[in-house]
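Below is one structure, written out as C-alpha cells; the observations come after it.
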Amino acid sequence: MLITTTRVRFWFAASCTVSLLCGLAVAQEGTASNSSNSAMHLADPAANHSVPPAYRDETYIIGIDDVLAISVWKEPEVSKTVPVRSDGKISLPLAGEVQASGETPRQLEVALSRRLANFISQPEVTVIVEESKSRKFNILGQVAKPGAYPISNSPTVLDAIALAGGFRDFAKQTKIYVLRRNPDGTEARLPFNYKDIIKGKNVEQNVKLQANDTIVVP
C-alpha cells in the first residue's frame, strides 16, 4: 500500500508539471502571435488608415454654404474643413479654387484629385458633407421669427415651429400647412393641426421636412 501511494503521488506531481509546462508554452505562443500582429500593424501604414464615417449619399448635390471636410491621405497640411462660398467654390492648398456647388461629393473628390496630382503622387481624397446648410426650409406667417432655416437632423414641422420661436398671439394653430413641390412640378399642401399633434392625435401630420418646403402659419 505504501508503494502504491508513493506512485500515485509521483504520477500526480508529474502530471501537474506537464500541465504547467504546456500552459506556459501556449501563453508564450499567444504573446508571440500578438506581438507579431502588433508589429505588422505598425509596420504597415495602410493598416492604420481608416476613412471616418462620411455623409455618402451619392445623389446629394453640394450647395452654397455647405461645410465640407476634405481629407487627403498622408497630407494633413492639405486636409481642411472649408465652407462653400457664395460663388459656389472652395479654396484648398495646392488645388487652389475649385467649383464645388452643383457637384456630388464623389465628383468633387475626382476634381480635387486631378488638381492635386500635379503636386502629390496618387492623392487619395475624401469629401465629407459635415454641415448641409444649402438645403433649407421656409416658415412664414404668425411665428416669432419667420424666415429660411437650414435642414439638419431631419427636422419635423414641430421642430420648425420651435426654431422659429413659437407662435404669435393670433396664430391659427389648427390651420397650419406645408407647401411641398413634387418632382413633376406640382405643389402639394400638407395640413398640420398643432393642437391635435400635442395631444397625440394625427401624428402622421408631423412630417419630416424636405428641402424647399414652406410652412405657412396663418
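Around V216, with a cut-off of 13 angstrom between Cβ atoms, what is the net charge of the other residues, counting Lys and Arg +1 and Asp and Glu -1? Let's see the in-between values first.
Numbers: positive: K172, K175, R180, R189; negative: E187, D213.
Around V216, the surrounding residues sum to +2.
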To the nearest Å, what is the center-to-center distance of the range 83-134 and the range 62-80, using C-alpha atoms only?
7 Å
Under a cut-off of 15 Å between alpha-carbon atoms, report the aspartates and glutamates in cross-link reach of K208, not counting same-chain residues fewer than 8 places apart.
D159
Cross-link list K133/K175; K175/K195; K145/K195; K145/K199; K80/K136; K136/K175: which exceed 18 angstrom alpha carbon to alpha carbon?
K133/K175; K145/K195; K145/K199; K80/K136; K136/K175
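I need the shape label for the range 109-218. Rule: rounded when a/c is under 1.5, else prolate if a/b > b/c, else oblate, with a, b, c from the alpha carbon gyration tensor. Working shown, then result.
Details: a/c = 3.14, a/b = 2.75, b/c = 1.14.
Cα axes put the range 109-218 in the prolate bin.
How would you order 145-154, 180-189 from highest to lowest mean count of nearby Cβ atoms within 10 Å? Before the final figure, lay out each step's value.
Working: 145-154: 13.0, 180-189: 9.4.
Top to bottom by mean Cβ count within 10 Å: 145-154, 180-189.
In nm, what is the difference between 0.36 nm times the number of residues separating L94 and D57 and their Cα-Cα distance? Display every interim value, and only then the final one.
Working: separation 37, 0.36 × 37 = 13.32 nm, distance 2.70 nm.
Extending this stretch completely gives an extra 10.6 nm.
Read-outs throughout are calculated quantities, based only on the coordinates presented, and are distinct from any laboratory measurement. Since this is a predicted model, take the numbers as computed values, not measurements. So basically every Cβ, Gly included, is an ideal-geometry build from the backbone, and we count neighbours across all protein chains shown.
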